[in-house]
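Nothing in this text is a laboratory measurement; each read-out follows from the coordinates by a stated rule. Note that the structure is predicted; figures quoted are calculated from it, not measured. Every residue, glycine among them, receives a Cβ derived from its backbone with ideal geometry; neighbour counts consider all protein chains shown.
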């Protein structure tokens, strides 16, 4: 009974466990009591650990002198507490003393970091899984971020120009890499631009934040051979630009710099040497920026902005060295040499060949999902009111977020999302034009460029559902808007094109 009484005092046995503890052997009970007495003796002899150490352990500190008043008072308090039969003292645990280093801002041994770099200071605690405490979190000002972007946008890595041909070559202005720019810092900037207050974003823009951000993008595009690090920087920079354009002031800045930003990005996207972004998600950010630039415009300025976007998406005029010979001059020369009269072949403009080629190449990269040749795009009436304008009836609406599923996130999903972004941009540009004649003229140029063959010959073959839900939604919008303007849609709906010979299974 005496052992059980001591056991209750030292272990504070709860009521529902007393019956189990009574059945323990007497030797086990005595062992528990003996261990509790040793703990009490240790807590009386050694003072509790102070919270000023790195881990809060008292044996890392020198022993205090005997004439220290605080140690005497602490010893007196511990002896008075040990005299009580119902209470006992325990030293501070390591985790508690470690958290004291972080939570006590007035600790005399806490060092203040004067580092002005973008790296956030780390906690001194043993466990750093939770959010940083207010004592150690540092909020960087817009001035610091803008100055860092200006430094990151300064071109510096041109390699060793050892030969004369290096000074006169076309790659003289191209950089060799951007290893000096940290991707993690750009990721932090993206989170800041997404989570900071509106006043902070406006201060960042007024200090030239968008110009500095574009300077870093220009530096990435100027790298001769981009590697994985530069592609990751390009992706983060485009996300920073997209996250920045969530305020009205940023959209105004984007409209002012649109003639500089979008032609440069589209030139990189449609590059003949395949120097564009490698990932579908990075390419999709460029198209989504164009769509956002059009959808956020006022209603009165949407037609003008749609024409400008179509101009940027069209082929660039060739340089004089690569310009083909004029057909009329060619036919006149050939007629003079062959002594026969031939009518000149009429010129057919194909201004959107590069755009169509980008869409067709994407379908070739994931060719295994375009298998359903019996698909027919239905001609459905618009769900929006007929009294509204043509643009409001046929402008693509934002789609709801896709819930998590097995097919979400794969390469097929990324490719079809990128394709749907192109189709939505084409539908939006055509819907913003004023007259049906102008809209049909754009459709004629796109058909001559091969756009409708990609829509009806490849995109129609994807399964409506899973990966192809957004693509079929864009195709239905195209068919509905074109049929309202009196445009022939049988090619896109059924894959039957005028003048095309039907292929038999052995015709290949």
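Given points 7 Å out from each Cα along the Cα-Cβ axis, report the residue 389 to residue 139 separation in nanometres with one decimal.
It is 4.1 nm.
In the stretch 450-466, whose amide N lies under 20 Å from the spot 7 Å out along Cα-to-Cβ of residue 407? List them in ranges.
The answer is 455-466, whose backbone nitrogens lie closer than 20 Å to the label point.
Write down the radius of gyration of the stretch 382-455 and its Dmax, each obtained from C-alpha positions, in Å.
Final numbers for Rg and Dmax: 15.3, 45 Å.
Grab the beta carbon distance between residue 156 and residue 274, set R0 = 41 Å, and tell me the FRET efficiency rounded to 0.05. Walk me through the numbers on the way to the answer.
Details: r = 27 Å, r/R0 = 0.65.
That gives a FRET efficiency of 0.95.
If each of residue 147 and residue 246 carries a label point 7 Å out from its Cα toward its Cβ, how far apart are those two points in nm?
Output for this residue pair reads 2.7 nm.
Report the calculated FRET efficiency for residue 179 and residue 295 (r = Cβ-Cβ distance, R0 = 22 Å), to the nearest 0.05.
Numbers: r = 37 Å, r/R0 = 1.70.
Using R0 = 22 Å, I get an efficiency of 0.05.
What full-extension length gain, to one decimal in nm, is calculated for residue 448 and residue 357 as 0.36 nm per residue of separation minus the Cα-Cα distance? Let's see the in-between values first.
Working: separation 91, 0.36 × 91 = 32.76 nm, distance 1.28 nm.
The span from residue 448 to residue 357 would gain 31.5 nm if fully extended.
Based on the mean of other beta carbon atoms within 10 Å per residue, what is the order of 287-300, 402-415, most packed first? If you can, show how the numbers build up before the last one.
Values: 287-300: 16.0, 402-415: 12.9.
Result, highest mean Cβ count within 10 Å first: 287-300, 402-415.
Please work out the C-alpha center-to-center distance from the stretch 393-418 to the stretch 246-321 and express it in whole Å.
Taking the Cα centre of each part, the stretch 393-418 and the stretch 246-321 sit 21 Å apart.
If R₀ is 51 angstrom, what is the calculated FRET efficiency for the pair residue 191 and residue 26, using the beta carbon separation as r and rounding to 0.05? Could the numbers behind the result be given before it?
Numbers: r = 62 Å, r/R0 = 1.22.
In this case the efficiency is close to 0.25.
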